[in-house]
Amino acid sequence: MTMDPATTAPYLDHFAELRPALPGARLDWLDRLRANAIERFAWHGLPGVKVEEWKYTNLATLAKTRFRAAAPLANSITGAAVARLSLAAPCHRLTFVNGHYRADLSNLEALPDGAIVTGLAAALEAHPNLVEAHLTDPRDLIEERLSGQRDPRPHALVALNAAFMTDGAFIHLRPGVGLDKPVQVLHLAAPRAGSEIIQPRGLIIAEAGARLSVIETFAHHDAGAPDYWSNAVTQVAVGAGADVDHARLQAESASASHIAATHARLDDGARYRSFVMSIGARLSRDEIRADLAGRDGECRLNGVYLGRRDQRMDHWTRVDHRAAGGTTDETYKGVLDDSAHGAFQGKIRVWPGATKSDARQLNHNLLLSNGAEAASKPELEILADDVKCSHGATVGDLDRDALFYLRARGIDQAAAERLLVEAFVSALIDESVPEDTGAYFRAAFATWLGSAVR
């Protein structure tokens, strides 16, 4: 066992207390999944920095705290609070407060035949077989090494989520179905006391030829909210020839911890495009595992992390090319101010037989103060011939020549710095998200930029 039992025992006790009332409790397969998951978590505990995938995320503070599941709120959240965090463009919206679906704060307009957009708890009641087919993928609980070793430790928090998952977005598109408007999934934290944990589980299924755009937002209701922990998991299944855009904004409370995992599987000719913007939480980690299981899959993973004060941000990605002809294009950029620490770990693995794979990975970091730190660890593991793969990383401060050029034309120091940071980030936003949602992320960036750069 890698963790003091005293750390995991409270979760075991809490699970036994909540188990009869968790969504889908009457489903034998789900009850077994939950029991297996809590057993895995109890055995391994919170991953430590000696686990390679977690070397830049220290969970010692979480290990010392006894968290309890956040309770649902029947009201006290106004439509105005939701509107402040909603897309300005027309969209379908699913709203979850403390991980529980709120129909009164959601907006689901007419959907085409063959489309289901609802909460996971409701889907377990109405479509249990469909949920079971996708929720029980054993790879979500095991890290598979190219050496053949199988390590469950990196997935301990995915297991914790599986045990306690309450609700989350359930989106299913049958073959050839497309939505003409994006779906926004709004996760709103409103803890009533300190040390509460919110554990949503999202399930997105786009069958062959389907088209979908999803925007997940993780935010808080009250700027003075007590400390809480958001431990979120989203599974994405992209069928043959299907096309999924998946963007996420992490804007949690400054006192919160946010751990998120996305597991995406791509079939033949599937396209999955992800964009992540992280601006909130005291401690955050966003991880993406993309599995190009079919031939000619296309995967784009882009992200921006914006840190200030004493924030610690970790972005971890892994893309597996398992079949021939797959392409990966990945760019992450970090802007760090004050004493913030940002980390990027990206791994692209080309498995035997995955010929004609084409993969590119870049990480660029901009430090705005002497106290800011950035760590970058891009990796390639290639076990196939006839492939094209590259990676690179940079860490630096603002270009002094560019600053001098702007100052020489009458622009003051603060404005010049903002212009350079905006140029560094904006181009990646524009190329990463569809036009109808770009304004949403540019507004979040502008808010951060106005308060971060002196």
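The values are calculated or read from the model by the stated rules, or taken from the named source; none is laboratory data. Here the structure is a predicted model, which means the values were calculated and not measured. Cβ placement follows ideal geometry from the backbone for every residue including glycine, while neighbour counts extend to all protein chains displayed. These area figures cover heavy atoms from the full protein model, side chains too; ligands, DNA and RNA do not enter into them. Shrake-Rupley method; radii C 1.70, N 1.55, O 1.52, S 1.80 Å.
Below, the figures for the structure above:
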item: Which listed residue, of D358, D337, D329, is at pLDDT 95 or above, open to solvent by less than 50 Å² (accessible area, probe 1.4 Å) and out of contact with any Phe, Trp or Tyr (no Cβ under 6 Å at 6 or more places or on another chain); result: D337
item: Condition broken by R308, with the remaining ones in (1) open to solvent by less than 10 Å² (accessible area, probe 1.4 Å); (2) among the basic types (K, R); (3) in contact with a helix residue (DSSP H, G or I) (Cβ under 7 Å, 6 or more places away or on another chain) satisfied; result: (1)
item: Only listed residue being over 30 Å from F441 (Cβ atoms), open to solvent by 20 Å² or more (accessible area, probe 1.4 Å), without any contact (Cβ under 8 Å) to a residue 24 or more places away in the chain and of a type in the set (D, E), chosen from D113, D104, D31; result: D31
item: Residue within the stretch 132-147 that is part of a loop (DSSP other than H, G, I, E, B) and loosely packed, with under 12 Cβ neighbours inside 10 Å present; result: yes
item: Single match in A242, A237, A261 (criterion: within 26 Å of V335 (Cβ to Cβ), among the hydrophobic types (A, V, I, L, M, F, W, C), buried (at least 21 other Cβ atoms within 10 Å of the Cβ) and touching a strand residue (DSSP E or B) at 6+ places or on another chain (Cβ under 6 Å)); result: A261
item: Odd one out for E431 among (1) open to solvent by 80 Å² or more (accessible area, probe 1.4 Å); (2) over 22 Å from the mean Cα position of the chain (by Cα); (3) closer than 20 Å to T331 by Cα; (4) in contact (Cβ under 8 Å) with a residue 60 or more places away in the chain; result: (2)
item: Test set (1) without any contact (Cβ under 8 Å) to a residue 40 or more places away in the chain; (2) open to solvent by 20 Å² or more (accessible area, probe 1.4 Å); (3) not in a helix (DSSP H, G or I) - A393 fails condition number; result: (1)
item: Test: residue in the stretch 87-107 that is closer than 27 Å to V319 by Cα, in a loop (DSSP other than H, G, I, E, B) and of a type outside the set (G, A, S); result: no
item: Members of the stretch 201-225 that are part of a loop (DSSP other than H, G, I, E, B) and out of contact with any helix residue (DSSP H, G or I) (no Cβ under 8 Å at 6 or more places or on another chain); result: E207, A208, G209, A210, D222, A223, G224, A225
item: Failed criterion for A414 (all others in (1) part of a helix (DSSP H, G or I); (2) free of Cβ contacts under 8 Å to residues at least 24 places away in the same chain; (3) more than 23 Å from N363 (Cα to Cα); (4) open to solvent by less than 60 Å² (accessible area, probe 1.4 Å) hold); result: (2)
item: Test: residue in the stretch 370-389 that is closer than 30 Å to S213 by Cα, part of a strand (DSSP E or B) and among the hydrophobic types (A, V, I, L, M, F, W, C); result: yes
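For (1) under 23 Å from the mean Cα position of the chain (by Cα); (2) among the β-branched types (V, I, T); (3) under 29 Å from V421 (Cα atoms), each residue gets a yes or a no:
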| residue | (1), (2), (3) |
| --- | --- |
| G297 | yes, no, no |
| R312 | yes, no, yes |
| H315 | yes, no, yes |
| H321 | yes, no, no |
| G325 | no, no, no |
| G334 | yes, no, yes |
| N370 | no, no, yes |
| E373 | yes, no, yes |
| T394 | no, yes, yes |
